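Only one structure is covered here, and it is reproduced in the block below.
The values are calculated or read from the model by the stated rules, or taken from the named source; none is laboratory data. Note that the coordinates shown come from a computational prediction; the quantities given were computed from them, not determined experimentally. For neighbour counting, all protein chains shown are included, and Cβ atoms are generated from backbone atoms with ideal geometry for every residue, glycine included. With ligands, DNA and RNA removed, areas are computed over all heavy atoms of the protein, side chains included. Shrake-Rupley method; radii C 1.70, N 1.55, O 1.52, S 1.80 Å.
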Amino acid sequence: MKPEARRERLFREHFRQNRGGYAFAFVLIIGAVLTQLLIPKVLESFADAYAAGTLSPITALEHGFWLLLVAVLMAAIRIASRLRLYYLGRQFERSVRSRLFAHWLRLPAEYYQGRRIGDLMAHATNDMNLLREKANFGVMMLVEAIFLVSLSMVMMGVTVHPLLTFWVLLPLPLLSLAAYVFRRRIQRHSRGVQEAFADLNTRVQKFCSGIQVIKAFVQEPAELARYEEANRANVEANRRLIQSSAAFAAMSSLIVGLSFLIAMTYGGWLAMEGRITLGQFIAFHTYLAQLIWPIESIGRVINVFQRAAAAEQRIAGILAMEPSIRDEEALPVRTLKGHIVIRDLTFFYPGNSRPALHGVTLDIPAGSTLGVVGRVGSGKSTLVQLLLRLFDPPPGTIQVDGMPLERIPLAVLRSQIGYVPQDNFLFSTAIYDNIDFHPVSHTEAEIHGAASLAHIHEKIMQFPRQYGTLLGERGVTLSGGQRQRVCMARALLKEPSILILDDSLSAVDADTETRILQDLRRYRSGRTTIIVSHRISSVQDADQIIVLDEGRIVEQGTHDALLAAGGVYAQMAARQQREEPLPEKRLDGAGRSFHGKRHTSG
Ligand SMILES: Nc1ncnc2c1ncn2[C@@H]1O[C@H](COP(=O)(O)OP(=O)(O)OP(=O)(O)O)[C@@H](O)[C@H]1O
Ligand SMILES: [Mg+2]
C-alpha cells in the first residue's frame, strides 16, 4: 500500500475512536465562546446606562459583578476544554509512538542501513510533536476560531450594524493570509535555528568523543575554525528568525489597525448621528478586539495541519513498510539440533552488484565445529549473519535439520543460536543486564558460570559494584577484550544449539583466546559451533575449516590436511607463526606449531 493512501488515517482513526471525548470538548469550547460573547453586552449596558444618566454606584457594582461572573465561568469552561483536548492529544501521540516503536523493532537490519540515527530520532520526536500539536492545539484553535468568528460576526451585524460590520471585517482575511505566509517563513527560520543549534552541539560532541584524535593530529586550530563557523551560522539563523517574527508583528498590527480605523471613523460617525448608541459602539469594539486572535489563528491552524499532514505521511509510510524478513508458512519446531547444510549459496547485499558470497556449499553436522578464516571482506560475517536471517539468503540455499531456513520460525531460529557479533555491542546498563539479555531471566549462578567460561568473571568481581557495575557513558569503560568477553558471556548464557563466534576474541591476546576456547570444549560438545577468526590458532581444532576468498570457499579441510596442502591456509599459518612468537615456544625451544601453545595453556 502506498503511504499516500494512508495519509490522514492515523488521526482519523484516533478521532473516530475518541468521538465522545472530542464531542465533549467541542461542547465545552462552544460554551466558552458563548460566555465570552456576553462580555461586550455587559459593557454595552454599562455605557448606555452612563449615557442615559441612570448609572448609580449600585448599577456600576452590578455590572462589575456580571463581568466577574462571566470571566470566571469562561475561564473554568475553557480550562476544562483544554484539559480534555490536551489529554486526547497525548493519547494520540502515545498510541502512534508505541506503534512506531513496535514496528521499528520488526523491521530488518537492512532498514537501518543507510539511515541516519538523526532521521529516526526526528520521527520519534519532531513528527510526534507535530501530530500531537494537531490533535490538541490545532483542533482546539480551529473549533474555537470557527465559532468565535462566526458568532461574533452575527452579534456585530445583528445587534450593532450590518454595514459597519462588513467594512470593518473586510481587511481581516488579510490577517489570516499574513499569519499563514509569515508563520511558514518563521517555521522555516526556526528550523534553521534548530539545525544551527544541533550543528553546534554535534561539534561539541565530536570534539568530546574525538579529543584524543584531534590532539594527536594537531587539529585544534581547524576544529576551532569549524566551531566558529558553526557559531556564526547560529547567530545568522537567529537573526533571520527575529527579522521575520518582527515583520509579522508589524504587518499584523497594520492590518488590525486598519480595521480599528474603520470602526472608529465610520462607527463614530454612526454614533454621532445617533444611529447606534454609545453602548453599541463600545460593544462593537470589544467584539472586534475579541476577533483578532482567532482570525490570526486560522492562518496558524492551517500551518499546523499542513505540517502534521507531512509528519503523518512520513509515519504512515514507515508503518506501511512490511518487514521483508518474517515468518511465512513456519514449521512447528521449537528446538534445533544444529545440522546446517548450505547449498550453492550466492548472496548479494541489497544494491550491490558484486556477490558477498559466491556458490558456497557446506555441510556442518550437528555438534561439529566449523572454523572460518579468510581475508578482510571475504564474506565471513556475511555467512554467519545469513544463518541468523539478519539478511535473507535466497530461498532453499540453507537448511537446518533438513528444514529450509526460511520456514523455521524466526523466534525459534534466533533463540537457538548464540551469536557473538564481530562489532560487540554493550548497552549502557549494568553488566548483569548486559549478560542476562534474554527473554527469560537466568539465575545468578548461571550468569556467573557463563562469565567464568568467557574468562571475565574474575575481572567483574574486582569492580566495587561487581555485576551491578554500570557500563558506558555513566559507568566504567571496559577494554576491547573485556567487552568482547562480556558479549561472549551473553551468548554462552543462552545455552544455544548453535554457537557462532564472529571474530569475537580478536581483541583478546592469542594466549587467552586459546585458553577460553579450550575451556569451552566441554560446553561446546553437542553444540554446532562456528568460529570465525583471523587467527589460525583459534580454528585449528575445528572438525573442518574453510578458507573464504572474495566470497568463495577456496580451501576446505582439517588443520592438518590444509597445512599439508600447502595453500593459502598453510601460508597464513606460517606467517602467523612468525609474527606471534610466544613465550612457550622459546621455552620449549622447538618453535613448533600452535599445538605447542596449547600444551601450556591446557
Ligand atoms: N551490510 C552490508 N551491506 C553491503 N555490503 C556489505 C555489508 N556488509 C558487508 N558488506 C560487503 O560484503 C563483503 C563481505 O563482508 P563481510 O563483512 O562478510 O567480510 P568479513 O570476511 O567478515 O570481513 P572482516 O574480516 O573484516 O570481518 C565486503 O565486500 C563488504 O563490503
Ligand atoms: Mg567480519
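What the table below lists for this structure:
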{"item": "Residues L258 and W104, FRET efficiency given R0 of 41 Å [Cβ-Cβ distance, rounded to 0.05]", "result": "0.20"}
{"item": "Dimensionless Rg over Rh [the chain; C-alpha; Kirkwood]", "result": "1.18"}
{"item": "Low-density loop positions, trypsin sites (Lys or Arg not before Pro), region 401-507 - DSSP coil, at most 14 other Cβ in 10 Å", "result": "R465, R474"}
{"item": "Test item: Cα-centred dipole of region 49-164, Lys/Arg +1 and Asp/Glu -1 on Cβ, debye", "result": "560 debye"}
{"item": "Förster radius 51 Å - calculated FRET efficiency between F437 and Q219, Cβ distance, rounded to 0.05", "result": "0.85"}
{"item": "5 angstrom amide H check on A430, placed H, neighbours 5+ away", "result": "L471"}
{"item": "Ordering of 421-429, 446-454 by burial proxy (mean other Cβ atoms within 10 Å per residue, highest first)", "result": "446-454, 421-429"}
{"item": "Label-point gap, in nm, between L67 and D363 - each point 7 angstrom along Cα→Cβ", "result": "9.8 nm"}
{"item": "Under the Karplus curve 6.51 cos²θ - 1.76 cosθ + 1.60, θ = phi - 60°, whole-Hz ³J(HN,Hα) for region 460-471, x wherever Gly or Pro sits", "result": "4, 5, 7, 6, x, 9, 6, 6, x, 4, 7, 9"}
{"item": "Sites R239 and A310, calculated FRET efficiency, Cβ-Cβ separation with R0 35 Å, nearest 0.05", "result": "0.85"}
{"item": "Equivalent-ellipsoid semi-axes of region 384-466, from the Cα gyration tensor, Å, largest first", "result": "32, 13, 11"}
{"item": "Built amide H within the under 5 Å cut-off of T277, gap 5+", "result": "none"}
{"item": "Proportion of all alpha-carbon pairs of region 161-275 beyond 20 Å (%)", "result": "63 percent"}
{"item": "Proximal lysine pairs, region 341-601, alpha carbons under 29 Å, eight or more residues apart or interchain", "result": "6"}
{"item": "Measure of compaction for region 90-235 (Cα Rg per 2.2 N^0.38 Å)", "result": "1.68"}
{"item": "Accessible surface, per residue, of the chain when the full set of protein chains is kept, probe 1.4 Å, Å²", "result": "51 Å²"}
{"item": "Kyte-Doolittle mean at least 0.0, axial Cα span of 27 Å or more - DSSP H helices of the chain", "result": "57-106, 139-159, 220-272, 278-319"}
{"item": "Estimated dipole of the chain in Debye, rounded to 20 [Cβ of Lys and Arg +1, of Asp and Glu -1, Cα centre]", "result": "600 debye"}
{"item": "Debye intensity ratio in log₁₀ form over the Cα atoms of region 408-519, taken at each q of 0.14, 0.15, 0.16 Å⁻¹", "result": "-0.52, -0.60, -0.69"}
{"item": "Size of electric dipole in region 161-275: Cβ of Lys, Arg +1 and of Asp, Glu -1, about Cα centre, debye, nearest 20", "result": "200 debye"}
{"item": "Those chymotrypsin sites (Phe, Trp or Tyr not before Pro) in region 137-241 that DSSP places in a loop and that have at most 13 other beta carbons within 10 Å", "result": "F217"}
{"item": "Beta bridges per DSSP with both ends in region 341-601, % antiparallel, nearest 5", "result": "40 percent"}
{"item": "Heavy-atom accessible surface of region 442-558: percent carbon and sulfur, 1.4 Å", "result": "43 percent"}
{"item": "Beta bridges by DSSP in the chain, antiparallel share as percent, to the nearest 5", "result": "45 percent"}
{"item": "Contour excess over end-to-end distance, with Cα ends at V376 and I211 and 0.36 nm allotted per residue", "result": "56.5 nm"}
{"item": "Long-range amide H partners of F347 with built H, under 5 Å", "result": "A356, L357, H358, G359"}
{"item": "Whole-percent pair-distance distribution, where bins are 5 Å wide, for the alpha carbons of region 341-601", "result": "1, 6, 12, 16, 18, 16, 13, 10, 5, 2, 0"}
{"item": "Size of region 79-170 as Cα extents on the principal axes (Å, biggest first)", "result": "68, 29, 15"}
